[in-house]
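Each remark here refers to the structure printed beneath this line.
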Amino acid sequence: MTASLTDRQQEVCNLVIQGMTNKQIARALQISHRTVEDHRTDVYAKMDVPNSTALVHKLLSARIAELEAKYG
């Protein structure tokens with residue numbers, strides 16, 4: 001599901017899932033909060049979601065489906 005995301009966008013997604021704010025993500029990745037906002041905007045478009053809540057739901061649902069397929 002995240003195959004079309006860049007490595008950096010995937011990093012941002014993982015931190016969003018952890019509940020981090022843009023400023024916290026920026027500090028963790030040593031980039032500006034504006035760059036984080038740009039990455040999130042791009043991720044929302046690629047994942048076809050309107051906001052972080054929908055993004056987290058979509059990503060976690062996909063991970064659960066992968067685990068169910070793997071472990072039954």
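Brief remarks follow.
- Computed from phi, the 3J(HN,Hα) profile of the range 59-72 under the Karplus parametrisation 6.51, -1.76, 1.60 (θ = phi - 60°) reads 5, 5, 4, 5, 5, 4, 4, 4, 5, 5, 5, 6, 10, x Hz, with x in place of Gly and Pro.
- Label separation (A3 vs R34): 3.5 nm, computed from points 7 Å beyond Cα along the C-beta direction.
- Shown in residue order for the range 29-45 are the 3J(HN,Hα) couplings computed by the Karplus curve 6.51 cos²θ - 1.76 cosθ + 1.60 at θ = phi - 60°: 9, 6, 9, 6, 5, 5, 5, 4, 4, 5, 4, 5, 4, 5, 5, 4, 5 Hz (x for Gly and Pro).
- Inter-label distance, Q10 to A45: 2.1 nm, where each label sits 7 Å from its Cα along the C-beta direction.
Only the coordinates and a few stated rules stand behind these numbers; no lab work does. A quick note: this is a predicted structure, and the numbers were derived from the prediction, not measured. Neighbour counts run over all protein chains shown; Cβ positions are idealised from the backbone, glycine included.
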